[in-house]
Amino acid sequence: MCLAVPMKIVERGEDLGVVELDGVRREVSLQLQPEARLGDFVLVHAGYAIGLVDAAEAEETLSLLREMAMLEGAAGEA
C-alpha cells in the first residue's frame, strides 16, 4: 500500500523544500508542485510533493492517521 502524508512547507527553495509534521522535518522535491508556497500543505510520497491540499483537509487526514496509530498501539498492548 502506498501512502502520501500531508506536510506543511516550512522552507522553500527553487526545486526543493523542507516540510514538517509533528516536529519532524524532511527535504522534499517540489518539482511536481512548482506552485507550492511557504505555509502550504503538500502530499508527500517517497520524497516528492505530489499534490496540494488545503489546511482543513490536511488536518482532517492527519487526525485520522493519528487515531489509526493510537488504535493500532492499543491493539498491540492487548
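The table for this structure:
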item: Residue within the stretch 63-77 that is over 15 Å from Val5 (Cα atoms) and assigned to a loop (DSSP other than H, G, I, E, B) present; result: no
item: Hits in the stretch 16-36 (condition: part of a loop (DSSP other than H, G, I, E, B) and surrounded by 10 or more Cβ atoms within 10 Å (Cβ to Cβ)); result: Leu30, Gln31, Leu32, Gln33, Ala36
item: Count of the stretch 44-62 residues which are open to solvent by 50 Å² or more (accessible area, probe 1.4 Å) and part of a strand (DSSP E or B); result: 4
item: Some residue of the stretch 2-9 being assigned to a strand (DSSP E or B), open to solvent by 30 Å² or more (accessible area, probe 1.4 Å) and touching a strand residue (DSSP E or B) at 6+ places or on another chain (Cβ under 8 Å); result: yes
item: Residue match in the stretch 15-24 (condition: more than 14 Å from the chain's Cα centre (by Cα) and at pLDDT 95 or above); result: yes
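The values are calculated or read from the model by the stated rules, or taken from the named source; none is laboratory data. Just so you know, these numbers come straight off a predicted model, no measurement behind them. Here the Cβ is made from the backbone with ideal geometry for all residues, glycine too, and neighbour counts use every protein chain on show. Keep in mind that these areas ignore ligands, DNA and RNA; they rest on the heavy atoms of the full protein, side chains included. Shrake-Rupley method; radii C 1.70, N 1.55, O 1.52, S 1.80 Å.
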